[in-house]
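Presented below is the structure to which this report refers.
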Amino acid sequence: MRIVLLGAPGSGKGTQAKKLAVKYRIPHISTGDLLRSALASGTPLGLQVKAAMDAGQLVSDDIVLGIIRERLRSSDAKKGFILDGFPRNIAQAQSLDGMLRILNQPLDCAVLMDVDFDVLMQRLTGRRTCENCGATYNIYTNPPRLDDQCDRCGAALRHRADDNEVTIGNRLRVYESQTKPLVDLYLNQGRLESVNGVGSEDEVFRRMLNTLEPIARGLRKPKLPPPPPVKAKSPAKAALAAKGKLLSAEAASKTAKPQQKAQAGKPAASKTGSAKPVSRKPAAQPKLRGKKTAKPSRPKAASKRKKHR
Ligand code: AMP
């Protein structure tokens, strides 16, 4: 199974991705985790991304795409993956489709974890992570037994550097402006699933499985992304091509018989002689699975846009 988890910071993508990775035995690929480990080990890459991460801004597409390209080529990603925190903008989503097209491994779907703004704030400010085993806690909703100490292994709990109020504000704004448009992108392509992300980890996980099981069992085939856009010609080439067309239309009209002259410069008629304009059907309207009342043009997620500001 190949899925993208979408959702605001604090929506629970990481927690659910870990559980899904165990359930489906596929790697959980988190660009945030990969960048944090580069930062922690002091690699040149880590130094390069530090300022953007500390400020809650996005790291450059080139860097993130390089990391993802390499990761998706690893052997463990051949049987599937869960992408968490990637893509984060439209350009990254398009590059991902391009990479997966080359690998012949299209996405099964993107899953939006839908969570209200107040809940996001509480989760982000209260979040603590064990620096040894990665267990996650929340001082408000799921506190450890001893302050700042992991229940599982006893190691110290860490408050992520970018989980302070200023940076959280930036991260939510970046999500609104750059990442949230992906919800509409995948929705319009018929590749979006939406899961209510409020509730206990196990409740949300059950909802995730309800959504993903038909895909995991092969009962639903992935919907392919639209083909890549045809590359635009350079302005000079476009002008030359247009000139060429004009010239050939003029030449055709000079050599044509009188009844043909009226057609010169118009699109050629088909072999059957019909030159009717091709009628294009309007694109099929995508549906949100399981939401009988959801209108495609106004998904629930989009209607909450104001709350996240
Ligand atoms: P996360 O753990 O997903 O919240 O990511 C933490 C930080 O890593 C973000 O605030 C960004 O600075 C950076 N980051 C993670 N994923 C991406 C991405 N796909 N594109 C750009 N920056 C990213």
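The values are calculated or read from the model by the stated rules, or taken from the named source; none is laboratory data. The model shown is predicted, which means the values in this text are computed figures rather than measured ones. Because the Cβ atoms are built from the backbone with ideal geometry, glycine has one as well, and the counts that use them run over all protein chains shown.
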Revision key, fill the gap. Only one of (1) under 20 Å from the mean Cα position of the chain (by Cα); (2) modelled with pLDDT of 95 or more does not apply to residue 202, and that is (1)
Study note, to complete from the structure: Among residues of the stretch 140-181 being among the hydroxyl-bearing types (Ser, Thr, Tyr) and not in a loop (DSSP other than H, G, I, E, B), the residue farthest from the ligand (Cβ to nearest atom) is 177
Review point. Among the residues of the stretch 117-131, is any touching a residue at least 24 places away in the same chain (Cβ under 8 Å), touching a Cys at 6+ places or on another chain (Cβ under 9 Å), surrounded by fewer than 15 Cβ atoms within 10 Å (Cβ to Cβ) and under 30 Å from residue 79 (Cα atoms)?
Key: yes
Review point. Looking at the stretch 214-234, which of the residues that are assigned to a loop (DSSP other than H, G, I, E, B) and hydrophobic (A, V, I, L, M, F, W, C) is modelled with the lowest pLDDT?
Key: 232
Check your understanding: Can you tell which of 187, 146, 172 is aliphatic (A, V, I, L, M) and closer than 22 Å to residue 36 by Cβ?
Key -> 172
Practice item. Report, ordered by the first and then the second residue, all pairs with beta carbons closer than 9 Å, sequence separation of six or more or different chains, a first member in the stretch 161-187 that is modelled with pLDDT of 90 or more, and a second member that is among the basic types (Lys, Arg) and in a helix (DSSP H, G or I). Key: 176/305; 180/305
Check your understanding: Residue check: is residue 194 surrounded by 15 or more Cβ atoms within 10 Å (Cβ to Cβ), small (Gly, Ala, Ser) and at pLDDT 90 or above?
Key -> yes
Check your understanding: When residue 97 is evaluated against the numbered criteria (1) among the charged types (D, E, K, R); (2) crowded, with 17+ Cβ neighbours inside 10 Å; (3) under 30 Å from residue 153 (Cβ atoms), which criterion, by number, is the only one it fails?
Key -> (3)
Check your understanding: Right, residue 7: buried (at least 20 other Cβ atoms within 10 Å of the Cβ) and on the phi > 0 side of the Ramachandran plot or not?
Key -> yes
Study note, to complete from the structure: Expected single match for modelled with pLDDT of 95 or more and either touching a Lys or Arg at 6+ places or on another chain (Cβ under 7 Å) or farther than 21 Å from residue 166 by Cα (or both) among 71, 88, 127 is 71
